[in-house]
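All remarks here apply to the structure that follows.
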Amino acid sequence: MSVAQVVRVFALTGILSIGGGRAAFFYEALVARRRWMRVDEFLQDFTLAQLLPGATFSNLSITLGHRLAGVAGALGGLAAVVVPGGVVLVLLAALYGTRGLMPEVATLMRGMSASVVGLVAVTTLRMARPALASARAIAIAAATFTAVGPLKLNTPAVIVVMTAFGLWLNRPEPARHPRGGPGPQGGPSPQGGPGQ
């Protein structure tokens with residue numbers, strides 16, 4: 001994957017995507033349409049982007065860009081999604097400063113928000129199947145949803161606790177010696193006699 005390809009696709013994503021649905025645009029562009037990465041790879045980068053401090057969209061552009069084209073892809077991908085949005089934001093801020101938010105614009109934004117919610121819902125369903133592949137994963141997702149949603153607990157605290165709990169539940173099993181012993185140190189020698 002060339003850096004130029006990453007920058008071009010990321011720039012289009014940065015220009016065309018809106019609001020919290022930006023991750024869904026990335027998923028559509030990189031996984032569904034171009035098949036540049038697998039769903040599980042996207043989920044790994046998306047999870048990392050969510051857990052790191054800062055804006056998720058910027059974090060995601062860095063992690064995805066790095067996966068596709070190394071450090072240059074990470075830097076190019078970040079610039080490609082931040083610069084176009086920054087230019088549009090400055091122009092809209094200037095327009096808002098002179099004219100304010102007109103009722104017609106507010107109505108348009110409500111319609112766009114509804115479409116973003118639909119897009120996020122579809123993408124979430126697509127990513128849920130590989131992410132919730134075990135009873136442990138389903139339990140963690142349900143507990144996180146309950147804690148942040150109905151119980152209204154502190155979101156960062158819930159993320160920290162559930163991340164630690166998920167890491168503990170999915171920790172690798174300790175390596176076992178083929179004969180059931182603790183391994184080469186202190187165990188029987190490969191020939192079966194005492195260690196030599």
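With the other protein chains left in place, how much accessible area per residue, in square angstrom, belongs to segment 47-142 at a 1.4 angstrom probe?
64
Taking segment 59-158 on its own, what percent of its Cα-Cα pair distances exceed 23 Å?
Everything past 23 Å amounts to 59 percent.
Specify the inter-centroid distance of segment 49-81 and segment 129-169, based on alpha-carbon positions, in whole Å.
24
For segment 35-95, with all protein chains present and a 1.4 Å probe, just round the carbon and sulfur fraction of the accessible area to a whole percent.
73
The values are calculated or read from the model by the stated rules, or taken from the named source; none is laboratory data. Just so you know, these numbers come straight off a predicted model, no measurement behind them. Remember, those area values only see protein heavy atoms, side chains included, never the ligands or the DNA or RNA. Shrake-Rupley method; radii C 1.70, N 1.55, O 1.52, S 1.80 Å.
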